[in-house]
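Report on the structure given below.
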Amino acid sequence: MGDEGALKIQFLFDFGSPNAYLAARVVPDIERRTGTRFDYVPVLLGGIYKLTGNSSPADYLRGIRNKPEYMALETERFIRRHGIAAFRRNPFFPVNTLQLMRGAVAAEAEGVFWPYFQAVYHHMWEEPKKMDDLEVMLDALTSSGIDANKIVARSQDPAVKNRLMALTQDAVDRGAFGSPTFFVNDEMFFGKDQLRDVEEEIVAQQRAVAASDPPRNCRAS
């Protein structure tokens, strides 16, 4: 694209959301097709719910007939469409993700965000474990080559805690009410099923940038 700095794409995630996990498995394909990179932004879903008055589907769908079954069907369709074979439902769901999300901020500060991100998702939704049990979490991450004790220690830093709170507040201020949430510059999209719209918006904004950016050989020297 003409000016890569003109397009900012963000993926706001919480490890406790199965839909965020499923979205994370599709994002790399969009990156390859569009030649872009998403910014992975950790947020605390419980904090978003508290700030917006929202609640999890497990809560607001309780007692409702037909809709939960349909949503489960849509999830199965998404999994088949994208060939996501590794996904397993976590028997300990819902999992308190406060430590895990602070860990994501700490991992970023330690320069190991991507291995941490992949490891946590593996142990949450591929070989599911009770990842809000500290000992279970430490053992799981260590088995994936993460210096888990170092991440946990860094996550107690007030700067790490404050950054997670600030990212969560910023998400709400920009319109977020759950996870996964995506921003393409200022355009917001919610949910894994909107990833096709996210990709269309990326392409549209790329074209707009290209149209407004004259070829280099036409620019004044």
Which listed residue, of Asp39, Asp29, is over 26 Å from Lys150 (Cβ atoms) and surrounded by fewer than 15 Cβ atoms within 10 Å (Cβ to Cβ)
Asp29
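Tell me the helices (runs of 4 or more DSSP H) entirely within region 22-112 that contain at least 1 residues that are in contact with a Leu (Cβ under 8 Å, 6 or more places away or on another chain). Let's see the steps before the verdict.
On the way: elements: 45-52, 57-60, 67-82, 98-110.
Filter on region 22-112 gives 45-52, 67-82, 98-110.
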Can you name the residue in region 15-53 that is within 22 Å of Lys161 (Cα to Cα) and among the polar types (S, T, N, Q) and, of all such residues, is farthest from the chain's Cα centre (by Cα)?
Thr52
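Just a yes or no: is a residue in region 152-167 part of a helix (DSSP H, G or I), touching a residue at least 60 places away in the same chain (Cβ under 8 Å) and under 28 Å from His82 (Cβ atoms)?
Among the residues of region 152-167, at least one is part of a helix (DSSP H, G or I), touching a residue at least 60 places away in the same chain (Cβ under 8 Å) and under 28 Å from His82 (Cβ atoms), which makes the answer yes.
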Against the definition (assigned to a helix (DSSP H, G or I), hydrophobic (A, V, I, L, M, F, W, C) and in contact with a His (Cβ under 6 Å, 6 or more places away or on another chain)), how does Ala140 come out, yes or no?
yes
Out of (1) surrounded by 13 or more Cβ atoms within 10 Å (Cβ to Cβ); (2) farther than 30 Å from Gln156 by Cα, the odd one out for Arg65 is which?
(1)
Restricting the first residue to region 180-193 and requiring it to be touching a residue at least 12 places away in the same chain (Cβ under 8 Å) and over 16 Å from Leu45 (Cβ atoms), which pairs with a second residue that is of a type in the set (A, V, I, L, M) and surrounded by fewer than 16 Cβ atoms within 10 Å (Cβ to Cβ) meet a Cβ separation below 9 Å and a spacing of at least six or different chains?
Val184/Ala204; Asn185/Ala6
Subset of region 112-167, residues closer than 17 Å to Asn90 by Cα and of a type in the set (S, T, N, Q), comes to Gln118
Give just the number: which of (1) in contact with a Leu (Cβ under 7 Å, 6 or more places away or on another chain); (2) in contact (Cβ under 8 Å) with a residue 24 or more places away in the chain does Lys130 not satisfy?
(1)
Does at least one position in region 151-171 carry a residue that is farther than 27 Å from Thr36 by Cα and among the basic types (Lys, Arg)?
yes
Test for Ser144: is it modelled with pLDDT of 95 or more, surrounded by 18 or more Cβ atoms within 10 Å (Cβ to Cβ) and touching a helix residue (DSSP H, G or I) at 6+ places or on another chain (Cβ under 9 Å)
no
For residues in region 47-96 being of a type in the set (D, E, K, R) and touching a residue at least 24 places away in the same chain (Cβ under 8 Å), which is nearest to Gln118 (Cα to Cα)?
Arg88
Look through region 104-141, keep the residues that are farther than 13 Å from Phe87 by Cα and among the aromatic types (Phe, Trp, Tyr), and return whichever of them is surrounded by the fewest Cβ atoms within 10 Å (Cβ to Cβ).
Trp114
Cβ pairs under 6 Å, 6+ apart, first in region 8-25 and farther than 21 Å from Gln205 by Cα and in contact (Cβ under 8 Å) with a residue 12 or more places away in the chain, second among the hydroxyl-bearing types (Ser, Thr, Tyr) and part of a helix (DSSP H, G or I)
Tyr21/Tyr121
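The values are calculated or read from the model by the stated rules, or taken from the named source; none is laboratory data. These numbers come from a predicted model, not from an experiment. Methodologically, a virtual Cβ is constructed for each residue, glycine included, from the backbone with ideal geometry; neighbour enumeration extends over all protein chains shown.
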